[in-house]
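Accompanying notes for the structure given below.
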Amino acid sequence: MIAADWHIDEGGGPTLHVSGDWTSLALGDAAGRLGAQSAGSLDVQRLDLSALGRIDTAGALLLLRSMAPDADIDFGEREDLQRLIDLVRPALEQDTAGKAGVTGVLGFFERFGRQVIGIADDAYQMLVFTGQLIVALGRTLGDPRRLRMTPLVAFMQDAGINGLPIVFIMTFFIGAVIALVGTNLLTTLGVEVFTIQLVGVAILREFGVVITAILLSGRSASSFAAQIGSMRMNQETDAMQVMGVDRFDALVIPRILAALLMMPLMTFCADIGGLAGGLLVSWVTIDISPVFFIQRTLETVDIKHFWIGMCKAPFLALIIAAAGCRHGLMVGGDVQSLGQNVTSAVVQSIFMVIMFDAIFAVIFMALDL
């Protein structure tokens, strides 16, 4: 181990020449002397690494802090140094950006600009993921043998079958609330019998599929992001890539297909639960018998409302599962990144569900459906 040393040549622009081993164990007093020198008026414009021995991230960070941002670095034939500098430089830029934060009105606009850039970058990453997903789905459809049936069935049970009870119970109470509110309002008008039609249209057309999608976002989007994110933290996805296993085929496609296949079943169960809740409240409050409730539902509620709700289910399942998988693949190597991406997956999927449900409502209204 050779002690780290350096000297500055001011001819033709200040040039920093380093020698020895720039590791955390060999830096010695070189770090203090270089820090004091860089704090002065001298601004290093060139870095000569031709005589450098070994170096680690501590030495690389010290060298970058002592140079001007646009300084020229002479790596010589050391490609490993260039990779190390490229690895350390983003950490220095984040540290500089954090210290250079502006307060007051300018600080508000700075934070606003960073948020806009972050949203634009997230939209770009979403487009990239969408393209990769389409290619992976096309490969799977072209060669079904690529599909892994064991994880597909496991995710169908986890995301779909295990979620049926909570979906039924939730929509049961939603249907009961709709019937209760409708009964109180329509009784004052003397047309309480229209409560049956109100419950049928609201549940079949909107609430059945939307409540199911929101519950799927809370259960499955977070689960997908946490599962894939944990594999990212443990470097299991990197090991899969080294072994030649496609991450989309192994991790994303089974989850996407499981959500696509189970969402219609969950929506159907939600519709049954909502109608059952409305039936019970109508029976108790305005003495409408279950037989009359079912008969009038079949007569007055058009079947198109059921199919309108069901046609939304696969699309909403796709965006929910895709959001969970995408944020899972974005997880870094720490627990904080895992928590942020799991939260982002749930929030983003719920936002997309509500937004696209509104878009569907406008489209169906324009089509007079």
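The values are calculated or read from the model by the stated rules, or taken from the named source; none is laboratory data. Everything numeric in this text was worked out from a predicted model, so none of it was measured. Here the Cβ is made from the backbone with ideal geometry for all residues, glycine too, and neighbour counts use every protein chain on show.
General observations
- Matching residues, segment 219-244, being out of contact with any helix residue (DSSP H, G or I) (no Cβ under 6 Å at 6 or more places or on another chain) and closer than 30 Å to residue 358 by Cα: 223
- Matching option when the condition is out of contact with any strand residue (DSSP E or B) (no Cβ under 7 Å at 6 or more places or on another chain), among the aliphatic types (A, V, I, L, M), assigned by TED's automatic domain parsing to the domain that holds residue 175 and more than 20 Å from residue 125 (Cα to Cα), among 319, 303: 303
- The residues in segment 324-360 that are farther than 17 Å from residue 251 by Cα and either in a helix (DSSP H, G or I) or within 8 Å of the chain's Cα centre (by Cα) (or both) can be counted, and the count is 22.
- A single entry from 276, 226, 259 fulfils the requirement of being buried (at least 24 other Cβ atoms within 10 Å of the Cβ) and of a type in the set (Gly, Ala, Ser): 259.
- Qualifying positions in segment 51-100 - over 24 Å from residue 8 (Cα atoms), modelled with pLDDT under 70 and surrounded by fewer than 11 Cβ atoms within 10 Å (Cβ to Cβ): 94, 98, 99, 100
- For segment 292-338, the set of residues classified as among the β-branched types (Val, Ile, Thr), under 30 Å from residue 200 (Cβ atoms) and either touching a His at 6+ places or on another chain (Cβ under 8 Å) or surrounded by fewer than 18 Cβ atoms within 10 Å (Cβ to Cβ) (or both) consists of 294, 300, 303, listed by residue number.
- Test for residue 120: is it modelled with pLDDT of 85 or more, in contact with a helix residue (DSSP H, G or I) (Cβ under 8 Å, 6 or more places away or on another chain), in a helix (DSSP H, G or I) and more than 30 Å from residue 202 (Cβ to Cβ): no
- Test: residue in segment 353-364 that is within 12 Å of residue 224 (Cα to Cα), in the same structural domain as residue 155 (by TED's automatic domain parsing) and loosely packed, with under 15 Cβ neighbours inside 10 Å: no
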